[in-house]
Amino acid sequence: MQKRGAVATLSDVAALAGVDVSTVSRVLGGNKNQRVREETRQRITAAAQTLNYQPNLSARGLRTSRMYSLGIAVPQLDNPVYYQIILGAERAAFERGYSLVIAHIEENAADDAAYARIVRTNRVDGLLVTTLDDNSAILRAVKHAGVPFILLNRKVKGVRNCFYFDSRAAARLATQHLIKLGHRRIAHLSGQVNPSTGLGRFAGYCDALQEAGIPFDPDLVAVSGYTVAGGAEAMKAILAKNQPLPTAVFPLTLTAATGAMMVLHANRISVPEQMSVITVHDGPMAEVMFPQLTTVRLPVEQMGYEGAQALIDLIDGQRKEAKQQFDPIELILRSSTAAPAPAAGS
């Protein structure tokens with residue numbers, strides 16, 4: 001039995017799970033060729049988590065010439081989407097006996113060697129890359145890294161290993177919700193049109209308008225990017241150039257929606273009475289806003305988890321390619337969307 005305060009060992013995990021030490025070693029080492037029932041594998045993982053078992057990565061690395069470490073590069077540390085991705089990746093890394101190194105690479109960083117430095121400095125075996133940069137810059141940079149990598153939250157031509165959301169379907173679902181409520185003048189705060197996320201959400205917005213027979217109005221679209229500040233500036237631009245004002249706005253991300261809501265409140269435009277707001281991605285930030293924000297929920301943490309699992313498979317040689325699209329999960333209805341107010345005199 002493990003003593004209070006003692007560091008958990010493989011033997012402690014084996015005892016709690018009711019299996020041999022050798023089985024624990026192979027399962028926690030990520031050996032998928034080990035024939036173990038899924039129930040037994042889950043019991044071992046649960047026992048390791050209960051005991052807070054931490055593998056001796058240094059000793060294992062000496063035996064295998066690996067560090068058993070993954071790197072994840074994010075462009076925004078304050079973005080809840082990347083936080084959820086990191087949570088999923090960390091959970092998967094732990095289950096496979098790896099550690100996770102988090103690195104911040106600023107948006108639009110021009111240094112192609114940034115990812116190579118992460119590998120060299122932290123001695124990671126593979127990289128999970130989440131970025132807002134131009135696609136060509138991503139492609140050049142990750143090739144310099146010299147380790148297996150998977151691009152998360154983005155699909156890039158020329159990169160085989162991509163895990164990404166069906167952004168077009170998510171945006172279409174969000175815009176359709178506004179149209180079903182009766183909105184016809186719907187603004188969109190978009191991303192840059194070259195990355196797949198921004199392009200996909202703009203396309204989904206246009207799809208929903210076309211299906212409903214609503215003409216596209218370029219004055220109702222402003223580029224916000226993926227930040228609070230960008231969302232605020234884009235919302236200001238929409239308000240400045242549109243009379244009458246739109247009755248609804250669809251910012252492409254939760255962070256952009258936060259900026260848009262700030263501007264609406266500052267201009268005494270009530271939500272949803274005067275303008276409904278909906279966005280893609282869900283999280284605690286959506287629930288603490290006033291009013292609470294209607295969103296389209298995507299499996300963000302699942303992407304991080306499955307991306308890390310697939311990366312380890314690439315490192316182990318168990319697969320040669322990793323590509324997966326994740327569909328929207330559901331529409332989360334809250335109080336930021338409602339039917340438009342009747343026009344004056346109607």
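Summary table
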{"read-out": "The range 262-346 - percent of accessible surface contributed by carbon and sulfur, probe 1.4 Å", "value": "51 percent"}
{"read-out": "Distance (nanometres) between label positions extended 7 Å along Cα→Cβ at Q274 and R184", "value": "2.2 nm"}
{"read-out": "Candidate aspartates and glutamates - alpha carbon under 16 Å from K241, same-chain residues fewer than 8 apart omitted", "value": "D217, D219, E233"}
{"read-out": "Too-long pairs where the Cα-Cα distance tops 24 Å, listed order kept, from K157/K323; K157/K236; K157/K180; K157/K320", "value": "K157/K236; K157/K180"}
{"read-out": "Inter-probe distance in nm under a simple model that places probes 7 Å from Cα toward Cβ, at F216 and T9", "value": "6.7 nm"}
{"read-out": "Rounded FRET efficiency, nearest 0.05, which uses the C-beta distance separating A341 from L77 and R0 of 45 Å", "value": "0.70"}
{"read-out": "Integer Hz, Karplus 6.51/-1.76/1.60 couplings in order for the range 272-283, x for Gly and Pro", "value": "x, 4, 9, 8, 7, 9, 9, 8, 9, 5, 10, x"}
{"read-out": "Estimated FRET transfer efficiency when R0 is 45 angstrom, pair Q318-A240 (beta carbons, to 0.05)", "value": "0.25"}
{"read-out": "For V221, distant residues with modelled amide H under 5 Å away", "value": "H188"}
{"read-out": "Prolate/oblate/rounded label for the range 232-346 (Cα gyration tensor, a/c 1.5)", "value": "prolate"}
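The values are calculated or read from the model by the stated rules, or taken from the named source; none is laboratory data. Source: prediction; values computed, not measured. Cβ: placed from backbone, ideal geometry, glycine included. Neighbour counts: every protein chain shown. To get the accessible areas, we keep the full protein, side chains included, count just its heavy atoms, and leave off ligands, DNA and RNA. Shrake-Rupley method; radii C 1.70, N 1.55, O 1.52, S 1.80 Å.
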